[in-house]
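The block underneath contains the structure these notes are about, expressed in structure tokens.
The values are calculated or read from the model by the stated rules, or taken from the named source; none is laboratory data. Bear in mind the structure is a predicted one, so any value in this text is a computation, not a measurement. No Cβ is skipped: glycine too gets one built from the backbone with ideal geometry, and neighbour counts run over all protein chains shown. Surface areas here come from the heavy atoms of the whole protein model, side chains and all, with no ligands, DNA or RNA. Shrake-Rupley method; radii C 1.70, N 1.55, O 1.52, S 1.80 Å.
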Amino acid sequence: MNNVRTVSDTKRTFYSLHTRPINTIYRRVVEELMVEMHLLLVNVDFSYNPIYALGVVTTFDRFMEGYTPERDKESIFNAICQAVEQEPQRYRQDAERLQSVAQSLPVNDLVAWLSQANHLQQDADLQSQLQAIANNPNFKYSRLFAIGLFTLLELSNPDLVKDEKQRTEALKTIATGLHLSEDKLNKDLELYRSNLDKMTQALIVMADMLSADRKKREQRQQQASTSVAPPNE
């Protein structure tokens, strides 16, 4: 009998691990990431790799920016990973490894490595994992993998990802080298960047609403204290 875990199982596990309430604006982010990870991990063609891990970590960190209380963020991330039967520390460590590589390489060298035009000398394990991706005709591509690739480019050269022509050219080279669909890659990253912008706008609106609410409370308190003050003799 094949006992594949369901999305409901995963959500139930998550809420048993992280029992504190999650701020409304972020709940959708948390659940969507968790469901996306769940669906990948139960797919027979999916295999874990550090670029996917970087995509997970980046997605969480970017979309959870500004979350309060800050101390809950680690608990939420750990619970997401554990709910899909993964080790959060592995994700964090692999993401940090790749971040260090991206920050140490000129972007042209990074693109050459990712597209398999050149080999990476300083990390044989990463090199072999990337080769395995390029040589696997059944490699399970995902949006989170695409975000991992984008993050590497962004860390190596932030200006390149802001320039549409350079960004498109770099992604085309990488997609060709890894035998990925360039169209899917671009569409997923366009959606990712658009959602980041929407989240930023939503947080600005929320901050404005909280600020206006605080001012109203202060005004009411001031009016209340003025009305009960004793008259001057």
Inset, instruction - Note down all Cβ pairs under 6 Å where the first residue falls in segment 29-46 and is farther than 14 Å from Thr6 by Cα, the second is open to solvent by less than 60 Å² (accessible area, probe 1.4 Å) and part of a helix (DSSP H, G or I), and they're at least six residues apart or on different chains. - result: Val29/Phe63; Leu33/Thr59; Phe46/Leu40
Inset, instruction - Pairs only if they're at least six apart or on different chains, beta carbon under 7 angstrom, first in segment 196-208 and of a type in the set (A, V, I, L, M), second open to solvent by 50 Å² or more (accessible area, probe 1.4 Å) and not in a helix (DSSP H, G or I); list them, first residue then second. - result: Leu203/Gly66
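Given Arg217, Arg143, Arg193, which one is without any contact (Cβ under 8 Å) to a residue 60 or more places away in the chain and within 20 Å of Gly55 (Cα to Cα)?
None of the other options fit; the residue is Arg193.
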Legend entry - Unique residue being touching a Gly at 6+ places or on another chain (Cβ under 7 Å) and not aliphatic (A, V, I, L, M) when the list is Phe139, Phe150, Phe145: Phe145
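Considering segment 8-55 alone, what residues qualify as being of a type in the set (Asp, Glu), farther than 16 Å from Tyr67 by Cβ and surrounded by fewer than 14 Cβ atoms within 10 Å (Cβ to Cβ)? Quick ask: steps written out before the conclusion?
Within segment 8-55, the subset of a type in the set (Asp, Glu) is 9, 31-32, 36, 45.
Now narrow it down to the ones that are farther than 16 Å from Tyr67 by Cβ: 9, 36, 45.
Passing the criteria: only Asp45.
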Inset, instruction - Could you tell me which numbered condition Ile22 fails, if it satisfies all but one of (1) closer than 27 Å to Ala202 by Cα; (2) at pLDDT 90 or above; (3) assigned to a helix (DSSP H, G or I)? - result: (3)
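Give the residue that is most open to solvent (accessible area, probe 1.4 Å), with candidates limited to residues of segment 159-182 that are acidic (Asp, Glu) and in a helix (DSSP H, G or I). Show your work before the answer.
We begin by selecting, within segment 159-182, every residue acidic (Asp, Glu); these are 159, 163-164, 169, 182.
From what's left, in a helix (DSSP H, G or I): 159, 164, 169, 182.
Numbers: Asp159: 106, Glu164: 126, Glu169: 106, Glu182: 64 Å².
Ranking the qualifying residues of segment 159-182, first place goes to Glu164.
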Legend entry - Subset of segment 4-14 [touching a residue at least 60 places away in the same chain (Cβ under 8 Å) and not in a loop (DSSP other than H, G, I, E, B)]: Thr10, Lys11, Thr13, Phe14
Inset, instruction - Could you tell me which residue of segment 183-192 is nearest to Leu155 (Cα to Cα), considering only residues that are surrounded by 13 or more Cβ atoms within 10 Å (Cβ to Cβ) and charged (D, E, K, R)? - result: Asp188
Inset, instruction - Could you grab the pairs with beta carbons closer than 9 Å, sequence gap of 6+ or different chains, first residue in segment 98-127 and more than 18 Å from Ile147 (Cβ to Cβ), second one part of a helix (DSSP H, G or I) and among the acidic types (Asp, Glu)? - result: Asn118/Asp109; Leu120/Asp109
Inset, instruction - For Tyr67, work out the one condition from (1) assigned to a helix (DSSP H, G or I); (2) open to solvent by less than 10 Å² (accessible area, probe 1.4 Å) it doesn't fulfil. - result: (1)
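Determine, yes or no, whether Thr13 is modelled with pLDDT of 95 or more and under 26 Å from Ala132 (Cβ atoms). Before the answer, list the steps.
Numbers: modelled with pLDDT of 95 or more: yes; under 26 Å from Ala132 (Cβ atoms): no.
No; evaluated as a whole, the condition is false for this residue.
Return the residues of segment 98-116 that are farther than 10 Å from Ile174 by Cβ and either among the aliphatic types (A, V, I, L, M) or open to solvent by 80 Å² or more (accessible area, probe 1.4 Å) (or both); say none if nothing qualifies.
Step one: of segment 98-116, the residues farther than 10 Å from Ile174 by Cβ are 98-109.
The answer is Leu98, Val101, Ala102, Gln103, Leu105, Val107, Asn108.
Any residue in segment 147-157 that is of a type in the set (S, T, N, Q), part of a helix (DSSP H, G or I) and without any contact (Cβ under 8 Å) to a residue 24 or more places away in the chain? Even if it seems obvious, please write down each step before you answer.
Our first condition is that a residue be of a type in the set (S, T, N, Q); within segment 147-157, this holds for 151, 156-157.
With part of a helix (DSSP H, G or I) added as a condition, the list becomes 151, 156.
Filter once more, so that each one left must be without any contact (Cβ under 8 Å) to a residue 24 or more places away in the chain: none.
The answer is no; no qualifying residue exists.
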Inset, instruction - Go through (1) under 19 Å from Ala146 (Cα atoms); (2) open to solvent by 70 Å² or more (accessible area, probe 1.4 Å) one by one and return the number of the condition Asn3 breaks. - result: (1)
